[in-house]
Structure formats: structure tokens, C-alpha cells
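The values are calculated or read from the model by the stated rules, or taken from the named source; none is laboratory data. Keep in mind it's a predicted model, so treat the numbers as computed, not measured. Positions of Cβ are generated from backbone atoms using ideal geometry, with glycine treated the same way; all protein chains shown enter the neighbour counts. These accessible areas exclude ligands, DNA and RNA; they are computed on the full protein's heavy atoms, side chains included. Shrake-Rupley method; radii C 1.70, N 1.55, O 1.52, S 1.80 Å.
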Amino acid sequence: MPKSETEFVCQSCGWAHPRWVGQCSECGEWNSLVEEQIEQTTGISAASNKPAKSLSLPEVERLSRSFSRFSTGFGELDRVLGSTSDEKGVVQGSVILLAGEPGIGKSTFLTQIGLNMQLSTKKTQKQPVVAYLCGEENPEQILLRIKRLSNSEHKSWEFFTSQQIESSLAALTKLKPAFVIADSAQSFRSRTLTGTAGSVGQVRMVTDKLTEWAKKNNIPVFIVGHVTKGGGIAGPKVLEHIVDVVLEISGERTTDLRLVRAHKNRFGATDEVGVFQMTEAGMEEVLNPSAMLVQSSTAGIPGSVLAGILEGSRPLLIELQALVVRSQLAMPRRVGRGVALSRIQVLAAVLEKHCGLRSSEHDIFLSVAGGLVVREPAIDLGCAVAIASSLANKPVPREIAFVGEVGLLGEVRSVAFGESRIKGLKRLGVSKVISHQTHNTVVAVLKELKLIA
Ligand code: TYD
Ligand code: MG
């Protein structure tokens, strides 16, 4: 009989150590090891030496015909998930990890997808179509949410409350639902391991079991995964390579804008972004995000500037707001919301050195209106103009949008996909785009706007 053994698994990277140490030798994390039982194996039997089966190309081709997609009911999400020539959305039998901070709207979103699915498959199937594995909330709470989100009938939902993944999967195999929601990966456990639910070993095993089941039954499974403080999905990043698609919902909880991105997608590109708004009635698609991000009421106020960014392959118009005021502090403040602090510091230095705009005695506050976080250097020019506009206390005309990276020498640099960005912005109603195509330096831009003499 194999002797029972334990190992110490790092909860941050999943590395197993034979004995306890204070620091993980793989990722360097301190105090991250938890004792877990090693899965019992029965040793290598003669049967496992059987030659492996292979598939010929025609066989693979025959198999791939069953590889079809169905819509989630949200065009914005279907675009992120990818498409083939005639179908878009979720691939049958795929496993999708939906990650995001607690309270961002994961359960709400999946419930809505389930409701949409139910509408599209109701006529063809008699079986319950949506199976919900409830690990975090009880079925009553989920029913309340379903009722809030839809007033049609909800007979085709089936709830599973078992924490043990094997027994839920056995029941699912009998039920053959059209769609499975597992909420969340951290709240189930496998009977093959001893660790508590939520430990790295368990989370990985639970995801493994769900994936195996999805492939075998050709039924799509959505798994909820929490993003931890460090930004990792489900604690360690160990789940990312198991699942087919990793979607992340992001957005500030204080605002209602939610962006859905694919970090990994075995069935499509990862450069698309779905834009949603969290409302009373759940997540709603935002078909024209620029209209939501740019308010007309701030036109004509010094410090407000429009800039063009790319979210995925789609150009977006955003509003940058700068507030530059005389500082009371020996070390003036630089505060950014949605913009990196280091960019503000660099731009303030460039404005001082190359444009003669001194801000060393001023506090600079800079934000992207609407709660968006922008990491692209393409907003540099817009930020510089916004700071100059607030400092000079002169407004910038609303019909102009700015696109361009600002170099340390005060030059306006070209940005990726500049041409399509500018075209897209014009489609959004901007009549003039200032970029590296129109001006070479920040000084020239500020002079034309009459922000400096
Ligand atoms: P939830 O989906 O439970 O978040 P998660 O599963 O990611 O932890 O919901 C998050 C928030 O959304 C919650 O604070 C309430 C809010 N909400 C709405 O604004 N509108 C709605 O229709 C619903 C159902 C929830
Ligand atoms: Mg939830």
C-alpha cells in the first residue's frame, strides 16, 4: 500500500516543497506554504504501457465539425470571445474563467448570460438548460437575483449546493444542461485532496475536473475566479493554462463602467474589449462608449481636453481633466486617476524645459473622466495640453482631439495604429485631430492653441 504523504504547496505559485520553509524557493513569497496531501497513486501498472492512440488529419477534421459556437446574447461579449465566418460567441465544450474583484459583477453577468441562453434554447430543449453550482451564495439568493434581472419564467434553472465537485459533476452528467456556471473556483473541493476549499491544490483540481467534464460532454462551463490583492487570478496564476479563455471584468467599483477583456483566448484574438455599464437591471451593453465618457457640460472649461485611445481595435474618445493650482506644500503634489503618476511628472518636466511652463510651485491633478484606466502613451499629448490649459486658465476648443506620445525632448511622436485611430475619431464626430502628422513639437501645439505666447 502506498504510504500517505504530504507536501507543502506555495499558495502563490503552486510549487510543491517536500518540507516546510519560510520562503518559497520558486517565487520568493514568504509564509505562503500550506501542507497538502499528495494524491494517492497506485504505481505504474502494465496497462499504462499501452501504445498511445493517434488521430489522422481526416479524423481531426471530422471531429472539428462539432466545434460550434453560440451567442451569449451580448454582442459586446461575443466579439471578445471571437467568431468564425458564420458563428460567434461561446465555443461548445469550452471552459471560460471569468475573473474580477469581489463585487465587480461576475455573478450578475453570468446570471444574465444564463437568462439569455435560456431564451435562445427554450424552444428546442425540454431539459433544464442552466446548471448553477452555488459555492458562494445559496440558491435563494441566486433566485432573487434572477427575478431582479428578468421577469419571465425561470423553470429551466437547476441549482447544485454540494461543495464536493465530483458529486456535482456526476449529477451534471445525468442532467446534461446546455450551460454550466461554477461560482466560484475557490468555493469547491475535490475529494482526492485533503486541503480546504480555496487552497491552490484544490482550486487547481476543481478547475481540472470541470475542464475534463466540459470536454467530455461538449458543454460549455463558466468558472468564476476571484482576483486577489496582488492581481493574480484565483490566488496563483495556476488556472490560466488549464482553461480555454480567461476573461476579466474590470472597472472601478465606484463608477458604473465595466470593461470585459480576454487575457487568453484559444478561440479568438485577445485585443477586443467589451464595454458595459452596471445598472439597476444588471450589466448593459454600451454601444457608443465615447458618448458616455465625454460630457458636453465640461466643454469650454480650462483643463478639459479630448484624446483618442484604442480599446482593443476600436478607437475611443475620452476626456482628460487637469487641475493645476498653486501649492501650499514645499513639495507640490502630482495626483493621477486613470493616468500613471510617472507620466504626469515627465510631462510637467517637458512643459517646463521645452515650453517654458513652470509648474514646480503648483499641484497637478490629472484624471480620465468616467473611471477609465489608460496605459497607452498615446494620451501624452492630450495630458500635456490639459495641464497647459489649466495652468494658463484658457479653454481648448472641443472640436479638437489629441493623439500622440510626447518624447523627453518635447517632440510629438507617432503612436501605434495612428492612421486608423485618426480615421475612427473622425467617425466619432471630431472635426480636427492634432497628432504627429500635424505638429512636430508640443511647443508648436501650445502656440497654435494660444496657451503660450
Ligand atoms: P455581484 O455580481 O454579486 O458581484 P461579484 O459576483 O463579482 O462579487 O454584484 C456586484 C454588485 O452589483 C453588487 O454590489 C450589486 C450590484 N448590482 C447592480 O448594480 N445591479 C443589478 O442588477 C445587480 C443584480 C447587482
Ligand atoms: Mg459573486
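Tabulated values for the structure
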read-out	value
Test: SER360 is surrounded by fewer than 22 Cβ atoms within 10 Å (Cβ to Cβ) and farther than 30 Å from ASP78 by Cβ	yes
Residue among THR192, THR254 that is within 23 Å of ALA170 (Cβ to Cβ) and of a type outside the set (Gly, Ala, Ser)	THR192
Residues of the range 172-185 classified as part of a helix (DSSP H, G or I) and either more than 16 Å from ligand 1 (Cβ to nearest atom) or surrounded by fewer than 21 Cβ atoms within 10 Å (Cβ to Cβ) (or both), total	4
Criterion: open to solvent by less than 40 Å² (accessible area, probe 1.4 Å) and closer than 18 Å to ILE318 by Cβ - qualifying residue of GLY424, GLY429	GLY424
Any chance THR270 is modelled with pLDDT of 90 or more and either open to solvent by 60 Å² or more (accessible area, probe 1.4 Å) or within 16 Å of ligand 1 (Cβ to nearest atom) (or both)	no
The range 73-86 - residue that is within 18 Å of the chain's Cα centre (by Cα) and in a loop (DSSP other than H, G, I, E, B) and, of those, nearest to ligand 1 (Cβ to nearest atom)	PHE74
Contacts under 6 angstrom Cβ, first residue in the range 153-175 being farther than 14 Å from VAL130 by Cα, partner assigned to a helix (DSSP H, G or I) and open to solvent by 30 Å² or more (accessible area, probe 1.4 Å), 6 or more apart	ILE165/LYS209
The range 208-243, subset within 16 Å of ligand 2 (Cβ to nearest atom) and under 12 Å from HIS263 (Cβ atoms), residue modelled with the highest pLDDT	GLY225
Residues being open to solvent by 60 Å² or more (accessible area, probe 1.4 Å) and either more than 25 Å from the chain's Cα centre (by Cα) or closer than 28 Å to GLN118 by Cα (or both) - total across the range 186-211	5
Tally of residues being at pLDDT 85 or above, assigned to a loop (DSSP other than H, G, I, E, B) and more than 13 Å from ligand 1 (Cβ to nearest atom) across the range 87-137	4
Residue ID - farthest from SER150 (Cα to Cα), chosen from residues in the range 275-286 that are in contact (Cβ under 8 Å) with a residue 24 or more places away in the chain and not in a strand (DSSP E or B)	VAL286
Some residue of the range 407-421 being open to solvent by 10 Å² or more (accessible area, probe 1.4 Å) and under 19 Å from GLY336 (Cα atoms)	no
Wholly enclosed helices (runs of 4 or more DSSP H) of the range 336-453 bearing at least 2 residues farther than 18 Å from GLN321 by Cβ	341-355, 418-427, 442-448
